[in-house]
Structures are given as C-alpha cells and as structure tokens.
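Notes for the one structure printed next.
The values are calculated or read from the model by the stated rules, or taken from the named source; none is laboratory data. It should be emphasised that the depicted structure is a prediction, and the values quoted were computed from it without experimental measurement. Backbone-built Cβ (ideal geometry, glycine too); neighbour counts: all protein chains shown. For accessibility, only protein heavy atoms count, side chains too; no ligands or nucleic acids. Shrake-Rupley method; radii C 1.70, N 1.55, O 1.52, S 1.80 Å.
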Amino acid sequence: MSALLRQIPANIPQDIRKIRIENSHLTELPRGSFENVSALEYLWLNFNNITVMHIKSLEYLPALKELRLQGNKLSSVPWTAFQDTPTLKILDLKHNRLDVLPEHALRYLPNLTYLDLSSNQLTIISRDVFYNWPVYQRSQRTEGPLEAISNAVLALHDNPWICDCRLRGFVQFIKSVGPPIILMNSYLTCSGPKFRTGKFFHEVELNSCMKPLTSALDTNLTVPAGLNITLTCFVQASPSPAVWWTYALKLLRAFNVSTEPISEDTVRSELLIPAARPADAGNYTCTAANFLGNTSVAINLRVVAPWASTTPRGWAPMAPAEPGAHVEVRIAKQTVYGITLEWFAAAAAAAEPGETWYTLLVGRYDAAQKDTIYIGPGVNTYSVTDLLPATKYEVCVAVRNQAPRKGQCVVFVTGSDVSQMEQREKLIHIVVIVCAMVLAVPAGMYACTAEALPGCLARCPSACPRRRRGSPAQAAGSKESTLDSLPAGSEDGLCRPDGGRGARRPPDRQEPGKARPPHRNSADLY
C-alpha cells in the first residue's frame, strides 16, 4: 500500500495466492508479469496509474478468480487476454477511461458473476456485446429452473450515454434484462443529445438510424443588394448529422453558420450573409453527413441593385432618395494594398439613417468606369483591399442612386511595395559609404605628410642657407631640429622645387609688450 513501485516485483514467492498493490506508481502490466505465481487467485491493483495492459499480461494465471483494476487510467482493455483466466469470476474496471466496448469483449468471460464497468467514458455500445456473453446465452437456452445458473451482477451506471439511434439495441436490452443478469443500478440516464439529457432509459423511445435527407424552402432567391440575407436548409437524419456550407468549393466560416435541432430527427442550419453584394451571388451548398452517408442541397442566390425596376417577391419597394442628401467622406486607415473609408450622411439622409442606402464607386483615377458596391442601411464604413501599390485611385460615396457630388470623392495613392528588408539594406549601404569616406580623409593626410617631410629634410642642408639669426648652438643642432622648429605657416628655410634659393621673407618685427607665440611641431597641426 502506497509503495513507490514502478513495476511488479520479480521475487514473489510461487505459492502466493493473493497480491494487493494499491496507491502505488504502477503504469503498465507487461507481458508475463505473474509468470512465477501460477497459484495466484486474487489480484488487486486498485488506484495506480496503469494505462497499458499487455495482451499476455495475465499469462500463466489459470487459477485467477478475482481481478480488480479500479481507479486506473485504462482507455482500452485487451479482452482476449482473459483467455488465460478461464475461472475468473470478478472483474472490476470502474473509474477508468474506457470509451469502447467491442462486440467480443465478454466472449472469454464465461464464469463471471460480477462485472463493473461504471464511471467510465462509454457513450455507445451494441447489444451484441451482451448477446455474445456466454452467461446471457446460457440463460436464454435454459429450459429448467433458473436456480441452476449463477446470477451475474452488471454495473453500467455513471457513463455519458448518448441516447440516439445507435444506442437503440442496448436500451432495449436494458429494458428487457432479467435474472440471472442483475443490474446494480437499473436507472441508467442519458447524457445526450440535449433534448434527452437527464432522461432514464425506460423513458425514451429511440428510432432506427437514417441517412441524412436535405431540403430547402426555396432553392432560387433574388434579393436586393445591401440586405442581411439568411439561407436556410433542413436536414432529417438519425443520428444527428454534421452540417456545413460551401460556396465555390470553399468551406464557409463557421461563425456565419448556426445549426440547431427543431425536432428529434430534424435540424435547421442557417447561413448569414451580411450586407449582400452582387459579388456574393452564386450557388451555396448545404451538406449533411452521418455514419450512414451524406447528401446536399444547393441554393442559387441572385443579388440585384436596390433601385431595380422589378421588385422581388416578398420585398417591399424602396422609397426614392432624398434630393438634398450629402455625404462626407474620409479615409480612416490606409495600407499599401487598400484603405478603410468612413462616411457621414448629412441633411435629409440623416433623418432616417436606418433606411439610407449608399453607392460606393471604386477604381483608378483615370479609369472611365469604376466598380460599384452597394451598402445597406446602418453601415458607414467599408474596407477596399487588393489594390495595386504605388497607384492613384479615386473612391466616391453617394446616397442610393444619386451621382456623387463635389466633396464626396477621395483621391489617394497607395504606398510603395518596398519591403522593409530592402529599405534596411539600402540604409546599411549608405552608412558604410559615409563611414569609409570619413575615415579615409585623416589617414590620407597623415600618409602624405609623413612621406613628404623626410624628403625635404634630405635636400635642405645642401640647398638652403643656414639661418642668419640664432646662436651657434642653435645652428649646430639645426639639422636635427629643423622640422620641429619651423613655426606654423612659416616659409622661412623652405626649399624651392628646383633646388635654388628662394626669396627670403623678412622676419616679422615683434611689437613691444606683445609675447611671441610658441613654436608648434608638425604633429600638432594634424
């Protein structure tokens, strides 16, 4: 109990008859888990984390009478594994995750007296599961008294049963079952569909399954542009079918579709088309399917201008537009490939905004004919997409069938289709070029100066006279300090390119009381 066991111990004595390992960490029952304990009769493995049970996990257990696997995480059981346990009488599988019970599940449990499948995830099972059970078969062909056959207790409660046509046979079995099979809880309840949730099995009458049959009240519709249109189809099927709508071979968005049951075997599906436009015209297909097959019905929709001369049947004629209506238009948002418009109808049109229709004209600025879009009442914004980049367009908004007036049109140019990556690359190239130019100027000046001055020092002793002013000590060191002793901007002592002597510039006279500026070497100039 509550031991940290990851697997069945391998050193169990051979004469052990009962093993109980609960609240541990067992996760699986591998093949041959109990091959050394062939005398085992009782095996309790409740409240572990067992998720997998090998088909040969019960091998070498011919004497096993009781197997309890309550409170584990089994989603399926290898039912053929019970061929190795012919004397099994008690099988407890409650509080697991079983969701399927195959028809042969009980075929290898001929001596069961207790089977607990409660509190699992069973929704649909066939009555053949129990018709193939040897215990039930013996009770049906017995001619003598029933006392000769042992009773078998069956627990099936607390499962989310879906009470539709697929469960019809099982419900009939539960209603008719009797000794030697005894239900632990005979009040099995339905968890679905919604209109049967909470009802007991003995309160429901289920019909046979039926392939979907689709229909529509009107398969050809003509409607004025701008209205919200609802297309409706009806489906008769059992069990409840999956229903979807398609237009031009494309699946329509689910949030525009609503499907709800109107009777036990009939559902109604509606498709909403907000502010219908001529571009919405075409064939809309309603398709329904269940496990027996699928069928569909097509509805043809035609959208016409709201001021058309022929008024469709079932639609009231529309009043003419107000002559003095004016619409103020502005661009609310603009992108490279489109814009979003907003408008406000002033004057007479604003008196009854719920009945005002609009006409939207969109096209290139120089186009002779523009696309026409009809906008229904109560809408004052529209987005135009899929435009060409770097192109001049014009958009006009008018009330109903009026011609656009001055101020009701907007001219704009879409953005350039240059990706951010291209812009970034151009910016990087410009920065690199500028940096190269800035760094090249000081380096070039320094190299030029360093190469020119040593050549001048080599020629100056032979071509230039010594400076007439200065002490003998200064003259002796002039060959080594000529470069550093030249004042800034001075031409004194410089050589002419032809080796001759240049004209000497008279020395500047120093004004009394004014200090002479200090000498600066050439390195300080740069």
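What FRET efficiency comes out for F255 versus Q172 if R0 is 30 angstrom and r is the Cβ-Cβ distance? Round to the nearest 0.05.
0.15
May I ask you to give the solvent-accessible area per residue for the stretch 210-304, in square angstrom, as obtained with a 1.4 angstrom probe?
51
Calculate what fraction, in whole %, of the accessible area of the stretch 210-304 sits on carbon and sulfur atoms when a 1.4 Å probe is rolled over the protein chains.
The value for the stretch 210-304 is 54 percent carbon and sulfur by accessible area.
With contacts defined as alpha carbon pairs under 8 Å and 6 or more residues apart, what's the relative contact order of the stretch 210-304 in percent?
For the stretch 210-304, the relative contact order is 42 percent.
Just subtract the alpha-carbon distance of T381 and C409 from 0.36 nm times their residue separation and send over the number in nm, one decimal.
Length gained, T381 through C409: 8.6 nm.
Of T287, P224, F255, whose Cα points farthest to the positive end of the dipole of the stretch 210-304 (charges on the beta-carbon: +1 Lys, Arg; -1 Asp, Glu; origin at the Cα centre)?
Towards the positive end, the residue furthest out is P224.
Compare the peptides 211-221, 51-61 by average per-residue count of other Cβ atoms within 10 angstrom and give them in order, highest first.
With the highest mean Cβ count within 10 Å placed first, the list reads 51-61, 211-221.
Give the accessible area for I433 in Å² (nearest 10); use a 1.4 Å probe, count only protein heavy atoms, and leave out ligands, DNA and RNA.
Accessible area, nearest 10 Å²: 100 Å².
Could you go through the stretch 37-43 in sequence order and give the Karplus-derived ³J(HN,Hα) for each residue, using 6.51 cos²θ - 1.76 cosθ + 1.60 with θ = phi - 60°, rounded to whole Hz, and x for Gly and Pro?
Working through the residues one at a time gives 10, 5, 8, 5, 10, 10, 10 Hz.
May I ask you to derive the relative contact order of the stretch 1-142, considering only C-alpha pairs under 8 Å and at least 6 residues apart, and to give it as an integer percent?
17
What distance in nm separates the simple spin-label points at Q83 and S150, each placed 7 Å from Cα in the Cβ direction?
Taking the two extended label points, one gets 2.3 nm.
Report the gain in length on full extension from K370 to T232: 0.36 nm times residue separation, minus Cα-Cα distance, nm rounded to one decimal.
46.3 nm
Can you give the FRET efficiency for K211 and S191, using 1/(1 + (r/R0)^6), R0 = 35 Å, r = Cβ-Cβ distance, to the nearest 0.05?
In this case the efficiency is close to 0.90.
In the neighborhood of Y131, defined by Cβ-to-Cβ distances under 15 Å, what is the net charge if each Lys or Arg adds +1 and each Asp or Glu adds -1?
Surrounding charge for Y131 is +4.
DSSP loop chymotrypsin sites (Phe, Trp or Tyr not before Pro) in the stretch 175-241 with at most 14 other Cβ atoms within 10 Å of their Cβ, which ones?
Y187
Please give the net charge around R196, taking every other residue with its beta carbon less than 14 angstrom from that of R196, where Lys and Arg add +1 and Asp and Glu add -1.
Around R196, the surrounding residues sum to -1.
Loop only per DSSP, at most 11 neighbouring Cβ atoms within 10 Å: give me the GluC sites (Glu not before Pro) in the stretch 77-166, ordered by residue number.
Of the GluC sites (Glu not before Pro), the ones in loops of the stretch 77-166 whose Cβ has at most 11 other Cβ atoms within 10 Å are E143.
Fully extended, how many nm does the chain gain between L5 and T391 (0.36 nm per residue separation, minus their Cα-Cα distance)?
131.6 nm
Quick one: dipole size for the stretch 160-225, taken about the Cα centre, charges +1 on Lys/Arg Cβ and -1 on Asp/Glu Cβ, in debye to the nearest 20.
Computed charge dipole of the stretch 160-225: roughly 160 debye.
Tally Lys/Arg at +1 and Asp/Glu at -1 over every other residue whose Cβ is under 12 Å from the Cβ of A3; what's the total?
+1
Pairs to check: K333/K392; K333/K406; K250/K333; K73/K94; K175/K199; K175/K211. Give those whose C-alpha atoms are more than 20 Å from each other in this structure.
K333/K406; K250/K333; K175/K211
Using the Cα centre of the stretch 210-304 as the reference point, and only Cβ charges (+1 on K/R, -1 on D/E), how large is the resulting charge dipole? Debye, rounded to the nearest 20.
My answer is approximately 320 debye.
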